[in-house]
Every structure is written in structure tokens, then in C-alpha cells.
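The block underneath contains the structure these notes are about, expressed in C-alpha cells.
The values are calculated or read from the model by the stated rules, or taken from the named source; none is laboratory data. Keep in mind that this is a model prediction, so the values were computed, not measured. Cβ atoms come from the backbone with ideal geometry, glycine included; neighbour counts cover every protein chain shown.
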């Protein structure tokens, strides 16, 4: 069953649809010794190309340029990850790629000083303050609405199929 979910990497993407995509990943910046999330991070950590701040001081974001081929996106993302790790190491930090930080406490988190994040925090209130989450996002652009609809329908079918047949689902509720 599991072997049916394994695909070659990178999976080929149809090029006839005329689309491009970009990838953003967020990581936790941690103390190199304790691995606890950093409460403050220097601006120099983000001085390298395509390294950006996120809503919390303990978060770092990388973003690829738009791509039309999975291989070129994977290559750029790999380089961005290496740049993030190198920049963090040079300043006494480590980078963790995890959805939630296992040692993180939202009470210790510090918001990044930026007007945009001020507005987000004002709107989200307590939810924004407790946002100790990192993830991966993809942005897509299409030449036509038809192509976008076709891809979305395919993704819905794919996600439904893979969720329905995951072995762990048989043993109880999954997050």
C-alpha cells in the first residue's frame, strides 16, 4: 500500500498548460546549543538574497522565483535552504524545518517589528500571538482559468485518493 504513494522526485509537471509556480518555506531559527526558538534575531541573518523575516522573530522564510519546471524549483529551493543554514550558523543559530516547534512556547515568542505584521496581529489578536507554526506554501499562476480549474480538480481528486487509502487512517483519527 505504501509503495503506491511513493513517486519519483521531482514528479513531472505538465508543461502544455502554461503555468508557473513558486515555493515558500518557513523555518524556525533556534539557539545552536539549546535548540529553543530565538526570541530576537539580528537583521544580518536576513541580509542574504531571498531570506526573509516572518511574523515572529523565531521564523525565517525563503522563497523561490517563479518556475515552470519542478527540477529548477527543487534546485533553487535546495540552494536557499543551504543559504539559510549557513547564515544561521554564522550567527550562532540553527534552523529547524518543522511545522510546530517541539520546545517552543508562544509566551516567549516576539513579533517581528513590521507594519504588516502589526495589522495581522491586530486582526488575529490571541491567535496571531500563539502562531508558533511554520510551513511550506506554493503559489501558482496560469494563462487561463480553464487550466487553473483543471489542475484544482486534479489536486482534489489526488488528495481525496491519498487520504482515503492511507494505512494510518484505519487506526483512528489523524491530524
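Observations on the structure shown:
- Residue ID - nearest to residue 40 (Cα to Cα), chosen from residues in the stretch 85-105 that are in contact with a helix residue (DSSP H, G or I) (Cβ under 9 Å, 6 or more places away or on another chain) and either surrounded by 15 or more Cβ atoms within 10 Å (Cβ to Cβ) or in contact (Cβ under 8 Å) with a residue 60 or more places away in the chain (or both): 93
So that you can scan it fast, the table gives a plain yes or no per residue for (1) surrounded by 11 or more Cβ atoms within 10 Å (Cβ to Cβ); (2) modelled with pLDDT under 90; (3) part of a loop (DSSP other than H, G, I, E, B):
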{"position": "3", "(1), (2), (3)": "no, yes, no"}
{"position": "8", "(1), (2), (3)": "no, yes, yes"}
{"position": "12", "(1), (2), (3)": "no, yes, yes"}
{"position": "17", "(1), (2), (3)": "yes, yes, yes"}
{"position": "20", "(1), (2), (3)": "yes, yes, no"}
{"position": "25", "(1), (2), (3)": "yes, no, no"}
{"position": "30", "(1), (2), (3)": "yes, no, no"}
{"position": "35", "(1), (2), (3)": "yes, no, yes"}
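- Qualifying residue in the stretch 62-71 (condition: within 27 Å of residue 33 (Cβ to Cβ) and surrounded by 13 or more Cβ atoms within 10 Å (Cβ to Cβ)): yes
- Hits in the stretch 37-46 (condition: in a loop (DSSP other than H, G, I, E, B) and either out of contact with any strand residue (DSSP E or B) (no Cβ under 8 Å at 6 or more places or on another chain) or over 21 Å from residue 99 (Cβ atoms) (or both)): 39, 40, 42
- Residue selected from the stretch 47-84 under the condition more than 15 Å from residue 138 (Cα to Cα), in contact with a helix residue (DSSP H, G or I) (Cβ under 8 Å, 6 or more places away or on another chain) and not in a strand (DSSP E or B), by the criterion modelled with the highest pLDDT: 47
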